[in-house]
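K.L.:
Mind looking over this structure? Questions follow.
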Amino acid sequence: MIKGVSPIIGFVIVIALVFVIAALISPWAFNIAMNATNQTGTTVMNKIICQNSGYDFDTNYGTNGVNWNFTGSDDWLKSKVVNTGTVNLYDFSFEIEINSTIIKYYNVNSTTQKTKASPLKPGQSVILHAALTDDINGTLTKIKILNEACPSIYIEQDI
């Protein structure tokens, strides 16, 4: 007859297994916890910084800060914006409404785009220009300008 393992040796083996499993899982769990913490911290910091951001249309330019030409095949859209906040802004894009329903998105041309390396600083203004790849048919009814520095902060104008 084979006798069982003594309870003390069995207890030691179980404890050793628990430590081995913990040693294998700990780095993975630590990595997940650190990534979650860093992402949450970055999101919170970005929201705090963006509370001080702001920009607006320069109403002395075009029609309430917007100028456009939707005739012919070379359609374009321009808008002059002023950074009214205390945060550098960059990577702008347009969202437009045609006939109050169709929404289209356009990136700003690289020649007038503000980048993270060369942002729109507080107090500065810029004329953003987009060459529209579509032949726009209809009436421009609303324009929204978004930015990547603070995506939750945007401006919009009814035309």
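K.L.:
Going by how many other Cβ atoms sit within 10 Å of their own, how do Trp76, Trp28 line up, fewest first?
P.N.:
Trp28, Trp76
K.L.:
With each run of n ≥ 4 DSSP H residues scored as -39500 (n - 2.57), what mean residue ellipticity at 222 nm is computed for the chain after dividing by its residue count and rounding to the nearest 500 deg cm²/dmol?
P.N.:
For the chain, the value works out to -10500 deg cm²/dmol.
K.L.:
A further question follows. Please give the helix 7-50 orientation as an angle from the longest Cα principal axis of the chain, in degrees from 0 to 90, rounded to the nearest 10.
P.N.:
10 degrees
K.L.:
Fewest Cβ neighbours within 10 Å first, please rank Phe11, Phe94 accordingly.
P.N.:
Phe11, Phe94
K.L.:
Taking N as the number of residues in region 50-159, what is its Cα Rg relative to 2.2 N^0.38 Å?
P.N.:
The reported ratio for this selection is 1.02.
K.L.:
Could you point to the residue in Ile136, Gly62, Val126 farthest towards the positive end of the chain's charge dipole, with +1 and -1 charges on the Cβ of Lys/Arg and Asp/Glu respectively?
P.N.:
Projecting each Cα onto the dipole axis, the largest value belongs to Val126.
Quick note: the coordinates plus some simple rules give every number you see, no bench work behind them. On a predicted model such as this, the values are computed, not experimentally measured, just so you know. Reconstructed Cβ throughout: ideal geometry from the backbone, glycine too, with neighbour counts over all protein chains shown.
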